[in-house]
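The values are calculated or read from the model by the stated rules, or taken from the named source; none is laboratory data. Predicted model only: the values in this text are computed from it and were never measured. No Cβ is skipped: glycine too gets one built from the backbone with ideal geometry, and neighbour counts run over all protein chains shown.
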Amino acid sequence: MNHHPQSLEYRVAHLAERLAAGPCGELGVRAEARGGSVLLTGTVPSAQCRDDIRRIAEQELADLPVHCDLVVAETEPPTHAEDLP
């Protein structure tokens, strides 16, 4: 099984397209080939979205290490303080 750099770049581009089409794509998650691994960077609206992106990436690139460096944006004001009696 030879992995040519072109095929890795193609697979990463395919992953980026799949992520862009998903519910979190509008915030610009980037997938980059780094040597023999893939680095995901960007900002996502929630921890759930971050976990979904990681799962998709690990499915797409099951034979490669995937490093997630995704930041969760706290876009909603905290509501828990208002719920106190």
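Filtered by the rule that a residue be β-branched (Val, Ile, Thr) and modelled with pLDDT of 90 or more, region 39-85 gives 41, 53, 56, 66, 71, 72.
Name the residue that is surrounded by the most Cβ atoms within 10 Å (Cβ to Cβ), counting only residues in region 31-52 that are within 18 Å of residue 7 (Cβ to Cβ) and of a type in the set (Gly, Ala, Ser).
Taking the candidates together, the pick is 31.
Looking only at residues of region 62-76 that are more than 12 Å from the chain's Cα centre (by Cα) and not small (Gly, Ala, Ser), we find that the one that is surrounded by the most Cβ atoms within 10 Å (Cβ to Cβ) is 64. Within region 27-56, the set of residues being closer than 17 Å to residue 12 by Cα, in contact with a Gly (Cβ under 8 Å, 6 or more places away or on another chain) and part of a strand (DSSP E or B) comprises 30, 42.
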